[in-house]
Amino acid sequence: MDDFGAELAAMDPRGRLIRARGMGGHALKRMLRRAADNEGVVLVAEDEGDVIGFASGEVYRRIRDERFEVIDYVNGEVTELYVAPAARRRRIATTLLGALDDHFRERGCGAVRIEVFVPNASARSFYASLGYEERDLAVFRILS
Ligand SMILES: CC(C)(COP(=O)(O)OP(=O)(O)OC[C@H]1O[C@@H](n2cnc3c(N)ncnc32)[C@H](O)[C@@H]1OP(=O)(O)O)[C@@H](O)C(=O)NCCC(=O)NCCS
């Protein structure tokens, strides 16, 4: 988790993402709690006992307040995905997302959603390679 956080912070052209001491443990607890609360699962990829990647997915259903604006969806949401640099380009993330897809299908999901930091070009290429289309975009401006 610490390595993942540090990598994202290093991508931020504005320097606003930080990874303070203790972030990894905090993020790990949050990931497990959120998966438990939202029909989710956390998957770990191992190579001879070493953890070389992980992924977390949760299930979200339309809430009553959204009923006038959006179809009656059940979506899988991938909330975390990380593969250690030395293990990349070996289809580990592809395999992890495939296993999450199975989890989502078993719970009736019709689509999968993933939030991506716009400067994270390699993750965007990875998702494009799996057929994900870019859909939501947040814009941002520093106030002078
Ligand atoms: C993005 C990430 C999860 C990909 O993991 P991976 O195990 O290396 O991915 P795969 O081996 O399954 O890649 C499958 C395909 O995706 C594309 N792809 C993967 N990484 C890519 C990159 N850096 N640049 C361009 N395309 C890439 C390729 O088409 C690749 O197939 P190929 O190797 O035959 O060309 C990994 O780079 C990572 O952990 N990055 C840091 C954390 C991160 O950004 N997580 C996502 C947050 S939203």
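The values are calculated or read from the model by the stated rules, or taken from the named source; none is laboratory data. No experiment lies behind these values; they were computed from the predicted model shown. We place every Cβ from the backbone using ideal geometry, glycine too, and count neighbours over all the protein chains shown.
Looking at this structure, is ARG90 more than 6 Å from the ligand (Cβ to nearest atom), under 21 Å from ALA45 (Cα atoms), surrounded by fewer than 15 Cβ atoms within 10 Å (Cβ to Cβ) and of a type outside the set (Asp, Glu)?
So ARG90 does not fit the description; no.
Residue by residue, here is whether (1) over 20 Å from GLY131 (Cβ atoms); (2) at pLDDT below 95; (3) touching a Lys or Arg at 6+ places or on another chain (Cβ under 8 Å); (4) basic (Lys, Arg) holds:
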position	(1), (2), (3), (4)
ASP47	yes, no, no, no
ILE71	yes, no, yes, no
VAL74	no, no, yes, no
VAL78	no, no, yes, no
LEU81	no, no, no, no
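Specify which of the listed residues (ARG141, ARG135) is within 16 Å of the ligand (Cβ to nearest atom), modelled with pLDDT of 95 or more and assigned to a loop (DSSP other than H, G, I, E, B).
ARG135
Looking only at segment 93-109, which residues are without any contact (Cβ under 8 Å) to a residue 24 or more places away in the chain and outside any helix (DSSP H, G or I)?
Scanning segment 93-109 gives no hits.
Can you find a residue that is surrounded by 18 or more Cβ atoms within 10 Å (Cβ to Cβ) and either closer than 30 Å to ILE142 by Cα or hydrophobic (A, V, I, L, M, F, W, C) (or both) anywhere in segment 20-35?
Yes: one or more hits.
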